[in-house]
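The values are calculated or read from the model by the stated rules, or taken from the named source; none is laboratory data. As the structure is a prediction and not an experimental result, all values here were calculated from the model. Because the Cβ atoms are built from the backbone with ideal geometry, glycine has one as well, and the counts that use them run over all protein chains shown. Surface accessibility is based on the protein's heavy atoms, side chains included, excluding ligands, DNA and RNA. Shrake-Rupley method; radii C 1.70, N 1.55, O 1.52, S 1.80 Å.
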Amino acid sequence: GSAFVRGDTAQQLAVQSGGPTTPDVGLASMSVVWQPGGTDAAISSGEVAGVLKGVNDIIPRYVSRLDDVAAALVSTVNAVHSTGYNLAGTETGLDFFDPGAVRASTIRLSADVAGQPEQVAAGMPSGTGTGTLDGSVAQAIAKLSEAPAGADATYRAMIGSLGVEAQSANRRLDMQEVVTTQVGAERLAVSGVSIDEELAGMVSAQHAYAASARVLTAVDEMMDILLSRTGMVGR
């Protein structure tokens with residue numbers, strides 16, 4: 001709704017970084033503003049609007065959902081791991097992942113097991129009849145991938161949603177390209193130049209010129225004959 005040029009004054013646009021879109025994600029929102037003044041340009045269509053939507057909506061939303069996957073992975077694995085015993089069979093209640101790092105960008109091993117593979121609580125104490133080398137806790141952790149509300153299910157749901165959203169965007173793009181092509185063809189049909197029509201017009205004009213020349217030639221010959229027979233030449 002604003003003009004780039006008014007008289008001898010030209011307006012400029014600039015990209016401005018605002019506050020965080022989602023505090024948990026920590027990504028800054030972006031906007032296009034008029035300079036000077038910083039008034040929002042309110043771009044609602046075109047490639048720039050698509051980029052802004054990606055930066056301000058789509059990316060933060062999926063980063064947040066990826067953080068949900070990490071949080072689910074940390075909580076479920078730690079819940080099972082804390083029931084097992086380390087290689088020596090002397091410790092239990094150990095966390096596998098750091099319970100305070102539950103984002104996809106920060107997930108890491110806990111201080112209980114980091115750099116200490118013998119501390120991984122994969123088995124049960126020897127008094128249970130299985131021993132610390134039975135790996136039953138590790139098997140239980142592996143089966144978490146089949147849990148209906150686990151990290152794997154959360155990740156599959158996120159990927160499915162992303163695929164549907166991407167397919168919908170591609171479908172809208174295809175429809176828009178078809179509409180643009182049709183509108184362009186209609187515009188050319190009204191205001192464009194048809195080579196075939198112009199060539200047909202030139203051929204028609206050429207035949208008309210040839211026909212006119214033949215008529216003039218016939219009239220000239222008739223006048224020559226008339227004047228030579230009547231003896232009126234020179235009068």
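Sort out which residues of segment 19-34 are loosely packed, with under 12 Cβ neighbours inside 10 Å and either modelled with pLDDT of 85 or more or in contact with a strand residue (DSSP E or B) (Cβ under 7 Å, 6 or more places away or on another chain) (or both), and write them in order of number. If the condition is that a residue be loosely packed, with under 12 Cβ neighbours inside 10 Å and either modelled with pLDDT of 85 or more or in contact with a strand residue (DSSP E or B) (Cβ under 7 Å, 6 or more places away or on another chain) (or both), then 19 is the only one that fits. Residues in segment 83-101 that are among the hydrophobic types (A, V, I, L, M, F, W, C) and surrounded by fewer than 18 Cβ atoms within 10 Å (Cβ to Cβ) were compared, and the one that is modelled with the highest pLDDT is 101.
When residue 80 is tested against the conditions (1) surrounded by 15 or more Cβ atoms within 10 Å (Cβ to Cβ); (2) free of Cβ contacts under 8 Å to residues at least 40 places away in the same chain; (3) in a helix (DSSP H, G or I); (4) aliphatic (A, V, I, L, M), the lone failure is (2).
Within segment 139-150, does at least one residue satisfy the condition of being touching a residue at least 40 places away in the same chain (Cβ under 8 Å), surrounded by 11 or more Cβ atoms within 10 Å (Cβ to Cβ) and not aliphatic (A, V, I, L, M)? Yes - at least one qualifying residue is present in segment 139-150.
Among all residues of segment 161-179, there is at least one that is surrounded by 13 or more Cβ atoms within 10 Å (Cβ to Cβ), of a type outside the set (Asp, Glu), at pLDDT 90 or above and part of a helix (DSSP H, G or I).
If I filter segment 43-63 for residues that are on the phi > 0 side of the Ramachandran plot and in a loop (DSSP other than H, G, I, E, B), do I get at least one hit?
No, because not a single residue in segment 43-63 is on the phi > 0 side of the Ramachandran plot and in a loop (DSSP other than H, G, I, E, B).
When the residues of segment 142-166 are filtered to those that are touching a helix residue (DSSP H, G or I) at 6+ places or on another chain (Cβ under 9 Å) and of a type in the set (A, V, I, L, M), the one that is nearest to residue 120 (Cα to Cα) is 144. Residue 193 fulfils the conditions (1) at pLDDT below 85; (2) in a helix (DSSP H, G or I); (3) open to solvent by 100 Å² or more (accessible area, probe 1.4 Å); (4) not acidic (Asp, Glu) except for a single criterion, (2).
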